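Notes follow the structure.
The values are calculated or read from the model by the stated rules, or taken from the named source; none is laboratory data. Source: prediction; values computed, not measured. Using ideal geometry, Cβ is built from the backbone for each residue, glycine included, and neighbour counts are taken over all protein chains shown. Keep in mind that these areas ignore ligands, DNA and RNA; they rest on the heavy atoms of the full protein, side chains included. Shrake-Rupley method; radii C 1.70, N 1.55, O 1.52, S 1.80 Å.
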Amino acid sequence: MMIKTPTKFFFVKGGSEGYMPLNAFDGALMKAGVGNTNLLKMSSIIPPHCQEIEPLPLPQGTLVPVAYASITSQNPGEVISAAVAAAFPENRDHAALIMEYAAKGSKEEVETTVINMAEAGMKMRGKRIKSIKSVTVEHKVEHCGAAFAAVVLWD
Amino acid sequence: MMIKTPTKFFFVKGGSEGYMPLNAFDGALMKAGVGNTNLLKMSSIIPPHCQEIEPLPLPQGTLVPVAYASITSQNPGEVISAAVAAAFPENRDHAALIMEYAAKGSKEEVETTVINMAEAGMKMRGKRIKSIKSVTVEHKVEHCGAAFAAVVLWD
Amino acid sequence: MMIKTPTKFFFVKGGSEGYMPLNAFDGALMKAGVGNTNLLKMSSIIPPHCQEIEPLPLPQGTLVPVAYASITSQNPGEVISAAVAAAFPENRDHAALIMEYAAKGSKEEVETTVINMAEAGMKMRGKRIKSIKSVTVEHKVEHCGAAFAAVVLWD
């Protein structure tokens, strides 16, 4: 093993306007409480026996593995949403699966899709689901907006 | 150095259908044997003296650096392929170069391209090639499919 | 904390032609001096009290966290540029913010934009800026080109 396996996780989300798409994304990270960290995007598993915790104030500049969905748009009036869902198996010795989805559309539409995705992923694994937890953020674009939802892994 | 440098590597590949593109990608990861890990995508070097091993059952939820190619498609009937090639230098004290390529097209077409890419990359380095190893997967899309090929780095 | 927080950083940049877009990107990495490493793309903070150093010859195959902008183009004659800017706060106990931007256009245009982005990001944080440092590379495409600019984090 090259990098320590996470033992804790928490959900975050945020939406923002910004000067350019990356600024809007940065603003969404700030609202989510992770804007002063170094996010490493990864695919998308919560290790077995990992514990959910309340969002932490992470040290500035820390490298943080995250599974996230994001979307930016420069179409004024457009509604965009980003969501993540984690499906936890009945067998607690098995990993939970994270799915990410972001699209034009309402919170309800995008959250429904990401939950269906998490269910489909567990079905593919032949695992029975104990519970699904999801977070979704919806943002209505003024001139340049972003939506961001994530599962942050931590130790 | 912030993260331990890998000492081992192995090749994997997989193709799959899925409910949404990310599910198809997830299915391809499952077929490749890395679907329950946290992949960190990186650019694309095998360190000197790194040893090829048989694919390992990686611990669930582990963070795993990988160089990968992937493609998803929602066009029924379309043939998609993903490939990686590693070019090993004659001088074993020099790193090997990984190239990734994924596109519409057959296994043969995509594998030829990725091998040419690996050769071009070593030529740019002025390094003579001892050998090239590549893996390619082809997938014919039913409704929503993915192809994935990777070099997994490990320690 | 799962991965050691960086204590050093440096700026790099490069532009190149190549056989395929990934080869051009690889060539740009080579010109930037990081072509034989494994880059992990991250969002985009320089931790407080991190020290700028001269670019180092990094060990081959090392995993290296970087914030980068890149662009590739296969349109002969097109001018492409990639830039990063780091905005350092007056309060040295606060992190510096990195912004990345790559687009068609001249060095001047792209550098102006990325500096504006860094200023906007610090304004969003309510932080007064002590200084901004940026690097930009411009590349005129012959047949297949890439531009790459980055802040490399190191320890």
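Kindly evaluate B:Val64 against the criterion of being crowded, with 21+ Cβ neighbours inside 10 Å, among the β-branched types (Val, Ile, Thr) and modelled with pLDDT of 95 or more.
yes
Could you figure out which of (1) buried (at least 23 other Cβ atoms within 10 Å of the Cβ); (2) assigned to a strand (DSSP E or B) isn't true of A:Phe11?
Answer for A:Phe11: the failing condition is (1).
Tell me which of these C:Thr72 doesn't satisfy, since it passes every other one: (1) open to solvent by 40 Å² or more (accessible area, probe 1.4 Å); (2) outside any strand (DSSP E or B); (3) not charged (D, E, K, R).
(2)
Run down C:Glu111, C:Glu100 and say which single residue is closer than 16 Å to A:Leu22 by Cα, within 18 Å of the chain's Cα centre (by Cα) and part of a helix (DSSP H, G or I).
Within the list C:Glu111, C:Glu100, the selection yields C:Glu111.
Test of understanding: among C:Leu39, C:Leu58, which residue is open to solvent by 10 Å² or more (accessible area, probe 1.4 Å) and not in a helix (DSSP H, G or I)?
C:Leu58 is the lone residue from the list that is open to solvent by 10 Å² or more (accessible area, probe 1.4 Å) and not in a helix (DSSP H, G or I).
Looking only at the stretch A:31-38, decide whether some residue is in contact (Cβ under 8 Å) with a residue 12 or more places away in the chain, in contact with a Phe, Trp or Tyr (Cβ under 7 Å, 6 or more places away or on another chain) and more than 10 Å from every other protein chain (Cβ to nearest Cβ).
yes
Confirm whether A:Ile80 is under 12 Å from the mean Cα position of the chain (by Cα) and either closer than 17 Å to B:Asn36 by Cβ or not in a loop (DSSP other than H, G, I, E, B) (or both).
Judged against the criteria, A:Ile80 is not a match.
Is it the case that some residue within the stretch A:15-34 is among the acidic types (Asp, Glu), under 25 Å from C:Pro48 (Cα atoms), under 15 Å from the mean Cα position of the chain (by Cα) and at pLDDT 95 or above?
The answer is yes; a qualifying residue exists.
A:Lys127 versus (1) over 18 Å from B:Asn36 (Cβ atoms); (2) assigned to a loop (DSSP other than H, G, I, E, B): which is the lone unmet condition?
Exception for A:Lys127: condition (1).
For residues that are modelled with pLDDT of 95 or more and surrounded by fewer than 22 Cβ atoms within 10 Å (Cβ to Cβ), scanning just the stretch A:89-99, find the one that is nearest to the other protein chains (Cβ to nearest Cβ).
So, considering only residues that are modelled with pLDDT of 95 or more and surrounded by fewer than 22 Cβ atoms within 10 Å (Cβ to Cβ), the one nearest to the other protein chains (Cβ to nearest Cβ) is A:His94.
Does A:Gly77 fit the bill of being crowded, with 21+ Cβ neighbours inside 10 Å and more than 14 Å from chain B (Cβ to nearest Cβ)?
Criteria not met by A:Gly77.
Before we move on, is A:Leu22 assigned to a loop (DSSP other than H, G, I, E, B), open to solvent by 10 Å² or more (accessible area, probe 1.4 Å) and among the hydrophobic types (A, V, I, L, M, F, W, C)?
no
Picking from C:Lys123, C:Lys41, C:Lys8, which residue would you name as being over 30 Å from B:Phe88 (Cα atoms) and either among the β-branched types (Val, Ile, Thr) or free of Cβ contacts under 8 Å to residues at least 40 places away in the same chain (or both)?
Step by step, each of C:Lys123, C:Lys41, C:Lys8 is checked, and only C:Lys123 is over 30 Å from B:Phe88 (Cα atoms) and either among the β-branched types (Val, Ile, Thr) or free of Cβ contacts under 8 Å to residues at least 40 places away in the same chain (or both).
Being buried (at least 19 other Cβ atoms within 10 Å of the Cβ), in contact with a helix residue (DSSP H, G or I) (Cβ under 9 Å, 6 or more places away or on another chain) and within 12 Å of chain B (Cβ to nearest Cβ) narrows it down to one residue among A:Ala82, A:Ala102; which is it?
Criteria check complete, one pass: A:Ala102.
Within the stretch A:59-74, can you find the residues that are closer than 20 Å to A:Asp155 by Cα and either of a type outside the set (Val, Ile, Thr) or more than 14 Å from chain C (Cβ to nearest Cβ) (or both)?
Scanning the stretch A:59-74 gives A:Pro59, A:Gln60, A:Gly61, A:Leu63, A:Pro65, A:Ala67, A:Tyr68.
Being under 27 Å from C:Ile129 (Cβ atoms) and more than 10 Å from every other protein chain (Cβ to nearest Cβ), is that true of even one residue in the stretch C:40-49?
no
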